Amino acid sequence: MTGEPASILAVANESLMGDELIAAVRRRAKRGPIRVKVVAPVTLPREGYVVYRDSRRAAAGRRLQRTLDMLRREGIPAHGAVFDDEPLAAVKDTLAIEDVDEIIVSTHPETRSGWLRRNLLDEIRKNAGDRPVEHVVADVGAREGVNVLVVANETVLGESLLERIRTRAQEGPASFLIVSPQSDPTRGEHPEAERRLRAALATLRVDGIDVHGQIAHPDPYTAVMHAVRDERTDEIIVSTFPRTRSGWLRRDLVGRLRADSGVPVEHVISEPAREEVAV
């Protein structure tokens, strides 16, 4: 119908926050009224272990909300959703239930993009029919501050860890994601781990630190590798008890992450927080 805004489907995961995606939508808006749906597919691991969907949705949801806020500040009507699926399936599902006039796909540069290595862009174009598909490359990591992944459970309130995070924040722009591996994988709820994590986040946010957190896979190595796949990660801080009482160190967690994560890994030794000793 004449005068109807064009419907734009924007598809992105880790590059959602890239200026390139916002700029592409802005350029399209200058040609006429548009409305935008942003699809944020949740990354799925290839391994056979259990997927902790809540933590993955939380990561995708944070990126999505920031992107929607930026578009709305530009005066561009925008809504979006997190999809528990691969990007191509998310696009197919959206095309099946919504009127879409054009598609914008944002990825990392080719050297970092799993989507491009899997020829995802070509597959989306095949399924788009006669709809135009624009590809934008967002080198988010080259411009933003450092993303620091922190892994800690019982030591998450340890003063050594909190002080290291404060110091790292003062060294340069950085945001932090704390993953706390759950203690008992047989339980659906983890009130003690959640309480410790909430307390740590509240303490650090009082200092103005950009920090988020989530309960994660019970195996710390798997929890970190999940997060490294889901989030752009530039550095890792691992917090453990001293070697004499640390199961993580007995399993050589720090060495394995240094070998496999592809980013610098720092180890902080933390004694239990005073409140943890008392319980």
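Annotations
- Among the residues making up the stretch 11-23, those that are modelled with pLDDT under 95 and either of a type outside the set (Ser, Thr, Tyr) or at positive phi (or both) are Ala12, Asn13, Glu14, Leu16, Met17, Gly18, Asp19, Glu20, Leu21, Ile22, Ala23.
- Residue list for the stretch 95-114, filter: over 22 Å from the mean Cα position of the chain (by Cα) and under 21 Å from His135 (Cβ atoms): Leu95, Glu98, Val100, Asp101, Glu102, Ile103
- The residues listed here are Glu74, Glu47, Glu86; of these, the one that is at pLDDT below 80, outside the structural domain of Pro181 (by TED's automatic domain parsing) and of a type in the set (Asp, Glu) is Glu47.
- Long-range neighbours under 8 Å by Cβ, at least six apart or interchain, first residue not assigned by TED's automatic domain parsing to the domain that holds His217 within the stretch 236-257, second in a loop (DSSP other than H, G, I, E, B) and surrounded by fewer than 12 Cβ atoms within 10 Å (Cβ to Cβ): none
- Selection status of Val254, over 11 Å from Ile178 (Cβ atoms) and part of a helix (DSSP H, G or I): yes
- Among the residues of this structure, Thr240 counts as one that is under 15 Å from Ser180 (Cα atoms), of a type in the set (Val, Ile, Thr) and buried (at least 18 other Cβ atoms within 10 Å of the Cβ).
- Residue pairs meeting the criteria (Cβ under 6 Å; at least 6 apart or on separate chains; first without any contact (Cβ under 8 Å) to a residue 40 or more places away in the chain, in the stretch 65-77; second crowded, with 18+ Cβ neighbours inside 10 Å and of a type outside the set (D, E, K, R)): Leu68/Ala78; Leu68/Gly80; Arg72/Ala78
- Of the residues in the stretch 215-227, at least one is in a strand (DSSP E or B) and either under 18 Å from Asp260 (Cα atoms) or assigned by TED's automatic domain parsing to the domain that holds Pro173 (or both).
- Selection status of Gly61, surrounded by fewer than 18 Cβ atoms within 10 Å (Cβ to Cβ), at pLDDT 70 or above and of a type outside the set (S, T, N, Q): yes
The values are calculated or read from the model by the stated rules, or taken from the named source; none is laboratory data. Only a predicted model underlies this, so the values are computations on that prediction, with no experimental measurement involved. Counting neighbours? That spans all protein chains shown, and the Cβs are built from the backbone with ideal geometry, glycine included.
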